[in-house]
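Contents: one structure, followed by commentary.
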Amino acid sequence: MRLLIAGGGTGGHLFPGIAVAEEFLSRDPANEVLFVGTERGIEARAVPAAGYRLELISAAGIRGKGGLSQIRGAAMMLYGYAQSRKILKEWRPDMVMGVGGYASLPMVLAARGMRLPCFIHEQNAIPGLTNRLLAKFVDRVFITLDESAHFFPKGKTLLTGNPLRRQILEMVAGQTPPSIAEIHQQQYGNGGGGPFRLFIFGGSQGAHAINMAMLAALPHLERYAARLEITHQTGEKDAAEVTEAYRNHGFNASVMPFIQDMAAVYQRADLVICRAGATTIAEVTACGKACLFIPFPFAVDDHQRRNAEAFLKKGAGFMLLERELSGERLAGIIHELAESPETVQRTGALAFGLARLDAARIIVGEMMKKL
Ligand SMILES: CC(=O)N[C@H]1[C@@H](OP(=O)(O)OP(=O)(O)OC[C@H]2O[C@@H](n3ccc(=O)[nH]c3=O)[C@H](O)[C@@H]2O)O[C@H](CO)[C@@H](O)[C@@H]1O
């Protein structure tokens, strides 16, 4: 059977698609997957790197743009629709799934026009415009959070969680959470102050504001430099500056613009400091990690904050809003949590309790039923 997965743009849309592809391929060695995205999206690099075939189409945003760019966006979408029809006629998929992002709009509409079974997955608490439009045309809408259910037609919407890639699921399956006694020993054994491992990252593109806040926090954390083991994903632009700052302040830090093996880094972390993208949240909860969310304040409809709030209500994480973010404040929170291993452990355990590990399996199962 053939599954076409359309969309992307950012990792938060694409990686759930890759998780669904992995599950679909695992069901039958004869199954095939084709991804369709745009050349500007993360899929242009990440899909071939993951070993999948990718076709590129033309697509662009229209929402909130003025005159000329809106016309240009609409023209690109029309062209993308024609390209989608051509791909569908040539590759002949059995079903099509949209994972959000511009490319999913023309492709899912074209597939619907050709009467193929169509599905979408929404990652966020507040859906993007593409999925709101597509919901009317598809057979089923899969959602990550209950909060987004009222945006979609009731009869076809199913709460599944956010599909997780194999690298995360395998890591989760293989890990045994440490006991409180072990955590105590680690933190306070040998005369006190075992390593405290921080993982800082800013979603698939890195977060400049988090990078700068962490640099501003370093002078306040210098007394702790020997205890902190830091892994910091910066995105492309800030990598050199952040590396140098850690070195100048005497910190043991591994700085990378982008991380391929996220599972390995999550596994080692005691505390994760990150944005509140939906896929990030699904992963840190699955890994049972305590997390300080700093939502991206300009995300459409402030959806990152809403994503995080769903977890905070249950004590399964911490949040710091960007308008309250300063080096001193960030250092204060890191310091406090490094001194409270029980709080860190309890928060991670609560997060794990909210994780949905079977989203990809449920989604593929539901898609097969429509064939
Ligand atoms: C600015 C913006 O609007 N961002 C949106 C985007 O975020 P973004 O693309 O940042 O997505 P998420 O934070 O949800 O997920 C990031 C994904 O990238 C992966 N990763 C990240 C860094 C790295 O070095 N390596 C790596 O593989 C993570 O493991 C994760 O799978 O899509 C999300 C899902 O629709 C939304 O919730 C976010 O609001």
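The values are calculated or read from the model by the stated rules, or taken from the named source; none is laboratory data. Please read all numbers here as calculations on a predicted model, not as lab measurements. No Cβ is skipped: glycine too gets one built from the backbone with ideal geometry, and neighbour counts run over all protein chains shown.
Looking only at residues of the range 41-59 that are in a loop (DSSP other than H, G, I, E, B) and surrounded by fewer than 19 Cβ atoms within 10 Å (Cβ to Cβ), we find that the one that is farthest from the chain's Cα centre (by Cα) is GLY51.
I'd like to check something: does the range 49-59 contain any residue that is modelled with pLDDT under 95, out of contact with any strand residue (DSSP E or B) (no Cβ under 8 Å at 6 or more places or on another chain), within 29 Å of ALA125 (Cβ to Cβ) and not acidic (Asp, Glu)? Taking every residue of the range 49-59 in turn, at least one turns out to be modelled with pLDDT under 95, out of contact with any strand residue (DSSP E or B) (no Cβ under 8 Å at 6 or more places or on another chain), within 29 Å of ALA125 (Cβ to Cβ) and not acidic (Asp, Glu). Of ALA19, ALA75, all but one fail to be surrounded by fewer than 18 Cβ atoms within 10 Å (Cβ to Cβ) and not in a strand (DSSP E or B); the exception is ALA75. Within the range 40-78, the only residue that satisfies the criterion of being free of Cβ contacts under 8 Å to residues at least 12 places away in the same chain and of a type in the set (Ser, Thr, Tyr) is SER69.
Look through GLY315, GLY353 and report the one residue that is surrounded by fewer than 20 Cβ atoms within 10 Å (Cβ to Cβ), more than 16 Å from the ligand (Cβ to nearest atom), among the small types (Gly, Ala, Ser) and closer than 16 Å to THR144 by Cα.
GLY353
May I ask you to verify whether VAL138 is assigned by TED's automatic domain parsing to the domain that holds GLU23, in a loop (DSSP other than H, G, I, E, B) and crowded, with 19+ Cβ neighbours inside 10 Å? Considered against the rule, which asks whether it is assigned by TED's automatic domain parsing to the domain that holds GLU23, in a loop (DSSP other than H, G, I, E, B) and crowded, with 19+ Cβ neighbours inside 10 Å, VAL138 comes out as yes. Of the residues that make up the range 332-342, is at least one at positive phi and surrounded by fewer than 18 Cβ atoms within 10 Å (Cβ to Cβ)? Within the range 332-342 (the criterion being at positive phi and surrounded by fewer than 18 Cβ atoms within 10 Å (Cβ to Cβ)), the answer is no, since none of the residues qualifies.
In the range 24-40, the residue that is nearest to PRO163 (Cα to Cα) out of those that are within 16 Å of the ligand (Cβ to nearest atom) and surrounded by fewer than 23 Cβ atoms within 10 Å (Cβ to Cβ) is THR38. Applying the selection to the range 225-254, what residues are in a helix (DSSP H, G or I) and either among the aliphatic types (A, V, I, L, M) or surrounded by fewer than 16 Cβ atoms within 10 Å (Cβ to Cβ) (or both)? Matches in the range 225-254: ALA239, ALA240, GLU241, VAL242, GLU244, ALA245, ARG247, ASN248. In the set (1) under 28 Å from GLN205 (Cα atoms); (2) surrounded by 17 or more Cβ atoms within 10 Å (Cβ to Cβ); (3) out of contact with any Phe, Trp or Tyr (no Cβ under 8 Å at 6 or more places or on another chain), GLN70 fails one condition alone, (2). Residues in the range 281-309 that are within 12 Å of the ligand (Cβ to nearest atom) and of a type in the set (Gly, Ala, Ser) were compared, and the one that is surrounded by the fewest Cβ atoms within 10 Å (Cβ to Cβ) is ALA299.
Right, GLY80: more than 16 Å from the ligand (Cβ to nearest atom), at pLDDT below 95 and part of a helix (DSSP H, G or I) or not?
Criteria not met by GLY80.
Figure legend. Inter-residue proximity from the range 313-324: first residues under 20 Å from ARG356 (Cα atoms), second residues part of a strand (DSSP E or B) and not charged (D, E, K, R), beta-carbon distance below 6 Å, spacing 6+ or different chains. Indicated pairs: GLY317/CYS291; GLY317/PHE293; PHE318/LEU292. Considering the conditions (1) over 18 Å from GLU342 (Cα atoms); (2) touching a residue at least 60 places away in the same chain (Cβ under 8 Å); (3) more than 10 Å from the ligand (Cβ to nearest atom), ALA278 is excluded by exactly one of them, (3). Considering every residue within the range 297-308, establish whether at least one is aromatic (Phe, Trp, Tyr) and closer than 25 Å to ALA263 by Cβ. No.
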